[in-house]
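**Student:** Here you go, one structure.
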Amino acid sequence: MRVLVVTAVPAERDAVTRAFGPDVRDVDVVAAGVGPAAAAAGTATALALASATRPYGLVISTGIGGGFAQVAPLASLVVADAIVAADLGAETPDGYLPVTALGFGTVEHVPPAALVRAVADATGAVTGTVLTVSTVTGSAARAAELRARHAYAAAEAMEGFGVAEAAARHGVPVLEIRAVSNAVGPRDRAAWRIGQALEALTGAFGKLVPVLRGWDGNDR
Ligand SMILES: O=C(O)c1cccc(C(=O)CC[C@H]2O[C@@H](n3cnc4c(=O)[nH]cnc43)[C@H](O)[C@@H]2O)c1
């Protein structure tokens, strides 16, 4: 099965490809850019091009991400059992409403449960909701607001929902795997551990190859 791995930046792409030996041929890794729009555009382009020759059987959104400290500490791994757009909606006097409450589109994509379990078992990743935002959370109040709205939120990043939307448009299942570089909350760049997170990403993908090869595409 052909697999497309989508990261935001080249450093994440390189961390993934470092995990692969010369025998790994059916995995393509692209750095599509930061944020949901760039991720969706890059993923949709790659899927469309491949559909004319050898379509992809799976898309994986991956990279560094913020961890909700209660469940995902620094350098830990998170695999999404739900990929949720956390700021796609409207601000109202009664609080935030997702676009689904306004009668539009979707705010959640659900990866194949059997594959999520296999990835978690193989990598030791925590399983939970990964939130996609367009603005990195920068305060404890915002982190608490997100956790109150998404009780199973484990991580926050900026690309997963965009990748998942493109994958859904092409009928391809999606995963999101994040390596925690920082805690979701007050902005403290000195506390970010991007290098350690990239090392964890390489370690995770080194363990994923047999899982991906063994997955038959069924969600059970
Ligand atoms: O606060 C800052 O100045 C700052 C310092 C370093 C990186 C950033 C980013 O905006 C990184 C966004 C990039 O990395 C992913 N990412 C990593 N941690 C988080 C997070 O806590 N919330 C959302 N996204 C995060 C994201 O997927 C982007 O690709 C800012």
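**Student:** From the list ALA38, ALA48, ALA19, pick out the single residue that is near the ligand (Cβ under 10 Å from one of its atoms) and in contact (Cβ under 8 Å) with a residue 40 or more places away in the chain.
**Tutor:** Only one candidate passes the filter, namely ALA38.
**Student:** Let me ask you something else. Whether any residue in region 10-24 is at pLDDT 95 or above, open to solvent by less than 50 Å² (accessible area, probe 1.4 Å) and within 13 Å of the chain's Cα centre (by Cα) is what I want to check.
**Tutor:** Within region 10-24, one or more residues are at pLDDT 95 or above, open to solvent by less than 50 Å² (accessible area, probe 1.4 Å) and within 13 Å of the chain's Cα centre (by Cα).
**Student:** Continuing with the same structure: Tell me, please, whether a residue that is within 15 Å of the ligand (Cβ to nearest atom), in contact with a Gly (Cβ under 7 Å, 6 or more places away or on another chain) and in contact (Cβ under 8 Å) with a residue 60 or more places away in the chain can be found in region 203-217.
**Tutor:** no
**Student:** Select from region 114-140 the residues that are within 13 Å of the ligand (Cβ to nearest atom) and closer than 16 Å to ARG178 by Cβ and list them in ascending order.
**Tutor:** Matches in region 114-140: VAL130, LEU131, THR132, VAL133, VAL136, THR137.
**Student:** Inspect all residues belonging to region 45-54 and state whether any of them is closer than 23 Å to ALA200 by Cβ and charged (D, E, K, R).
**Tutor:** Checking region 45-54: not a single residue is closer than 23 Å to ALA200 by Cβ and charged (D, E, K, R).
**Student:** THR100 fails exactly one of the following numbered conditions: (1) hydroxyl-bearing (Ser, Thr, Tyr); (2) within 16 Å of the ligand (Cβ to nearest atom); (3) open to solvent by 60 Å² or more (accessible area, probe 1.4 Å). What is the number of that condition?
**Tutor:** Exception for THR100: condition (2).
**Student:** Please specify each residue of region 54-82 satisfying the condition of being within 12 Å of the ligand (Cβ to nearest atom) and open to solvent by less than 30 Å² (accessible area, probe 1.4 Å).
**Tutor:** SER61, THR62, GLY63, GLY65, GLY66, GLY67, PHE68, ALA72, VAL78
**Student:** Looking at (1) exposed (fewer than 15 other Cβ atoms within 10 Å of the Cβ); (2) farther than 23 Å from VAL184 by Cβ, which is the one condition that is false for ALA90?
**Tutor:** Going through (1) exposed (fewer than 15 other Cβ atoms within 10 Å of the Cβ); (2) farther than 23 Å from VAL184 by Cβ one by one, ALA90 breaks only (2).
Residues are listed down the side, and each one gets a yes or a no for (1) open to solvent by less than 10 Å² (accessible area, probe 1.4 Å); (2) aromatic (Phe, Trp, Tyr); (3) within 14 Å of the ligand (Cβ to nearest atom):
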| site | (1), (2), (3) |
| --- | --- |
| GLY105 | no, no, no |
| ARG142 | no, no, yes |
| GLY160 | yes, no, yes |
| LEU175 | yes, no, no |
| ALA190 | no, no, yes |
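**Student:** PRO111 versus (1) modelled with pLDDT under 95; (2) more than 8 Å from the ligand (Cβ to nearest atom); (3) part of a loop (DSSP other than H, G, I, E, B): which is the lone unmet condition?
**Tutor:** The one condition PRO111 does not meet is (1).
The values are calculated or read from the model by the stated rules, or taken from the named source; none is laboratory data. Not measured: the values here are computed from a predicted model. As a convention, Cβ positions derive from the backbone with ideal geometry for all residues, glycine included, and neighbour counts pool all protein chains shown. Calculation scope for accessible area: heavy atoms of the full protein, side chains included, ligands and nucleic acids excluded. Shrake-Rupley method; radii C 1.70, N 1.55, O 1.52, S 1.80 Å.
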